[in-house]
Amino acid sequence: MRNGLNISGVSEIVHEIRENGAEAVIRFSTSTAVAGDRAEVTVGTAHHGTFRMARDFRLALTGAEAADPGLTPVEAAAAAIGACVLITHVHGYSARGISLTSLGVRVTATVPTDAAGRVADPSAGLRDLRYDITVDAEATEAALAQVTQFVTCFSPNHRAFLDAGDYDLSSVLVRPGGTATSRPVPVTAPAATAPAAGELTVVAELQWEYGTEAHVSTAVSPGIEARRAAPTLVVDQSKQMLGIDRGPNPQEMLLTAISAELALGLSALARERGLPLSRIEVDGGGRLDIRGMMNVDPAVPARFHEIRFVVRCEADLDDDPDDDKVAALVTECAANSTLLAVLRRANTADVRLRSPGAEILTLRSDAAQVSAFIEQIVRQQREQQAAAARAGGDPA
Amino acid sequence: MSKAIGDPAGPGADRKWSNNLRRGRVPGPRLPEQRVMDDDLGMSTRSVHSGTYIDPATGSVGTPIFTSSTYEFNEHTYGAFDQGHIRDVPIYGRYGTPNQWVVQEKVAALENAESAVAFASGMAAITTALLTLTNRGGHIVSSRDVYGGTYNLLREDMPQFGRDVTFTDPTDIREIEAAVRPETQVLFFETLTNPLLKSIPLPELGELARRENLLLVIDNTFLTPYCLRPLDLGAHVVIHSATKYLGGHSDLTAGVAAGSRKYMDRIWTELLKLGGSLDAFGCFLLERGLKTLAVRMRTHIENANLLAAFLNEHPRVTAVHHPSLSGYPYPRLREWCATGFGGMVSFEVEGGDEAALKFLDRLTIPAVATSLGGVESLVSLPFNTSHSFLTVRQRRELGIQPGLVRLSVGIEDSADLITDIDTALTGI
Ligand SMILES: Cc1ncc(COP(=O)(O)O)c(C=O)c1O
């Protein structure tokens, strides 16, 4: 046990998944329904290899313009990325024998807005993303810096943010009789909708509690801060993933953020266009292969991937063109989505690591930085193995 | 204390994170002084020898009782604390002691399992295993035919812990399949139900669990590994009230869970918190009892088969429930239970519960008591004991008719048991 993590458990999982890759695959899911101006998200049962992890979490998200604003999708996304960065750090420290006193991650990003304060350029995704990491631990600066570099390569949500990726989106129209028709929605590059006049700043402030549990407070400014109590979230892993089930995990938070953005966006768009959708639901899902995350198999992606959404609308519409209308609306809504753009684009993040007494590291995390660091690790591993073989020892 | 076998160095100062996590799962926990028998040896050989601790100082052929509740720290203990593998080093009574490891090794060998955990009762094993293998918000599919204590846990407490439970007919795979929900995590059943000895479709349950990523937890108390090894048929965890056949002498309350090291480690972690660990004397009694499991079970089975056949012909008996009889409704059990069906027989006495009560009064050999699986025959009526918490209608629904007698056939001479029962029945 170190930092509240069962590190023997981590090691055993690594061995198990090396021999049996099927146990490494985890599928997360959320289901979201629009109720008034809220998107109510229920985290679904996750499948981890050959067993299931039941989940018991519900979150309500709103847009920034809601009368009684709550957590907004961009805040949830910042929390999801930050939580993953934080938990991956805890794993890294624990495996290296570094005991933590405290760990905080502050995630900030901006979103360009038009003169009316609405998102001006969804294609930009989240801009100016940065992590300010503050660690208090007994370890050399070099060791602390190395863990952060590892995290930039292996944190699944950070990599989902960093890498150009794709997602799968389809729309389903359900009619009163229960008949449903499904359409795939093309992944389209969003376009700027209006000239940028200002920007929203999103902040997620994460504090490590113990183990994989982190407490998160978030903010968006300017605009809604004065109108609400700052929401506090708890993010944690399931007990099967060495947490204690205190909250949704970072991948579930990411699905929550994107599903809510889609659901709220579609609801607003349908209202604007006068399309009478009586029910809007979004099912989200994604896949994690922890062989990639733990660098067990270089061919496996470290990032959270195979992200997919099914948007389901109920409407009292009957003829074929209405299917097209709904699919077109979902397509437009996807094109207006800041968070889907994040998944699609290659992004960069500025990382700054500090301890109470010192600046330890600043780096710009992007595809080139990640591949250079991974190459360096692989080279070191080969050298270690060769040295061990020369010494007649058991190569690690 | 010497170094435990399951104590390979974990990741450490000189071992870097990436690709260097050195510790995989190992069988055990066990000490180097413990005997590990080959898998291809027979039941009796394994039950006598597996796990025995051979004391290096004295050469004693049996395991000594280590009454100590705590163990001196050394580099291995410190290493285990540092690296997290504290299940593999003797530290503290509740965490794991040589006597627990001995008896766990024996049960694991008998159930073809990698690892086992000993508990202070069968209920401690069940509670701990079910809470371990589910999360808040999860769902368990089980049956109303399970042991009453288990039923109460499932009905009264699991929902309070945030685990929902659906009770199904345990013989009906369709009904069980239909009860599975997205959040279902565990299927929990007994290999042979109490008191009617209904058999569950075990291979199909194993297949369902595999297909749906569910964990199949099987209470094998009634059949014991001598008759059936559920892990071979797809179960993930097998549980016993070791109070019964495994202990075998009605002088011990204990439980065990067995399965892969992965699930046993998780169950053990929960045991540390819930606290139902088995003390050294209990372990010793269980180890001693297990040594004769095979020889006892052979006699239990033989006696039960003879009594079932005898009762089936008796004019005062209106029905007999036993897998050896031709009318047994679940004949497929014989496909996976080749060595017999344990020592339980239940039957209905003409004249209902009143007649059954008279019958008990007239018996001279079997003791009228609850429980089962001891060397002595025990007899009881479900209506006023194990199933008294059910309404008359609920009992009917389960198939419990007035006059039902539950007999745990002991290892006495079968002729004496038959004479005694015949006399008691005839005189009602
Ligand atoms: C099938 C079965 N499982 C579990 C138990 C509970 O075991 P214990 O009494 O050892 O707690 C019993 C006890 O009667 C039982 O018959």
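So which residues in region B:370-385 are in contact (Cβ under 8 Å) with a residue 24 or more places away in the chain, out of contact with any helix residue (DSSP H, G or I) (no Cβ under 7 Å at 6 or more places or on another chain) and open to solvent by 20 Å² or more (accessible area, probe 1.4 Å), if there are any at all?
First, the residues of region B:370-385 that are in contact (Cβ under 8 Å) with a residue 24 or more places away in the chain: B:371-384.
Restricting the remaining residues to those that are out of contact with any helix residue (DSSP H, G or I) (no Cβ under 7 Å at 6 or more places or on another chain) gives B:371-374, B:376, B:378, B:380, B:382, B:384.
Matches in region B:370-385: B:S371, B:E376, B:N384.
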Kindly provide the set of residues from region B:273-290 that are in contact with a Ser or Thr (Cβ under 8 Å, 6 or more places away or on another chain) and within 14 Å of the ligand (Cβ to nearest atom), ordered by number.
-> B:L274, B:G276, B:G282
Counted residues, region B:236-272 - those being within 16 Å of the ligand (Cβ to nearest atom) and open to solvent by 10 Å² or more (accessible area, probe 1.4 Å) = 8
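The rows are residues; the columns are (1) at positive phi; (2) more than 16 Å from the chain's Cα centre (by Cα); (3) open to solvent by 10 Å² or more (accessible area, probe 1.4 Å); (4) facing chain B (nearest Cβ under 8 Å).
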residue	(1), (2), (3), (4)
A:V25	no, yes, yes, no
A:R55	no, yes, yes, yes
A:R58	no, yes, yes, no
A:L103	no, yes, no, no
A:V111	no, yes, no, no
Considering each residue of region B:56-77, count those that are farther than 20 Å from B:D88 by Cβ and either modelled with pLDDT under 95 or loosely packed, with under 15 Cβ neighbours inside 10 Å (or both), and give that number.
-> 7
Take the residues in region B:46-55 that are within 22 Å of B:D88 (Cα to Cα) and of a type in the set (V, I, T), then tell me which one is surrounded by the most Cβ atoms within 10 Å (Cβ to Cβ).
-> B:T52
Give the residue that is most open to solvent (accessible area, probe 1.4 Å), with candidates limited to residues of region B:169-189 that are more than 21 Å from the chain's Cα centre (by Cα) and more than 14 Å from chain A (Cβ to nearest Cβ).
-> B:R174
Pairs where the first residue, in region B:77-94, is in contact (Cβ under 8 Å) with a residue 12 or more places away in the chain and facing chain A (nearest Cβ under 8 Å) and the second is part of a loop (DSSP other than H, G, I, E, B) and of a type in the set (G, A, S), C-beta under 6 Å, 6+ apart | B:Q83/B:G10
Within region B:107-144, track down each residue that is within 15 Å of the ligand (Cβ to nearest atom) and open to solvent by 10 Å² or more (accessible area, probe 1.4 Å).
-> B:A120, B:S121, B:M123, B:A124, B:T127, B:R144
For B:L390, the lone unmet condition from (1) among the aliphatic types (A, V, I, L, M); (2) crowded, with 21+ Cβ neighbours inside 10 Å; (3) within 16 Å of the ligand (Cβ to nearest atom); (4) not in a strand (DSSP E or B) is (2)
In region B:315-368, anything part of a strand (DSSP E or B) and of a type outside the set (V, I, T) is listed as B:A319, B:H321, B:M344, B:S346, B:F347, B:E348, B:A367
Please list, ordered by first then second residue, the pairs with beta carbon atoms under 7 Å, 6 or more apart or interchain, first in region A:8-22 and more than 8 Å from chain B (Cβ to nearest Cβ), second of a type in the set (A, V, I, L, M, F, W, C).
-> A:I17/A:A24; A:I17/A:I290; A:I17/A:V296; A:R18/A:V296
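Quickly run through region B:129-147 and pick out the residues that are out of contact with any Pro (no Cβ under 9 Å at 6 or more places or on another chain) and more than 14 Å from chain A (Cβ to nearest Cβ).
Of all residues in region B:129-147, those out of contact with any Pro (no Cβ under 9 Å at 6 or more places or on another chain) come to B:129-138, B:140-141, B:147.
Answer for region B:129-147, where residues must be out of contact with any Pro (no Cβ under 9 Å at 6 or more places or on another chain) and more than 14 Å from chain A (Cβ to nearest Cβ): just B:Y147.
The values are calculated or read from the model by the stated rules, or taken from the named source; none is laboratory data. Since we're looking at a predicted model, the values are computed, not measured. Cβ: placed from backbone, ideal geometry, glycine included. Neighbour counts: every protein chain shown. Quick note on the areas: whole protein, heavy atoms, side chains included, nothing else; ligands and nucleic acids left out. Shrake-Rupley method; radii C 1.70, N 1.55, O 1.52, S 1.80 Å.
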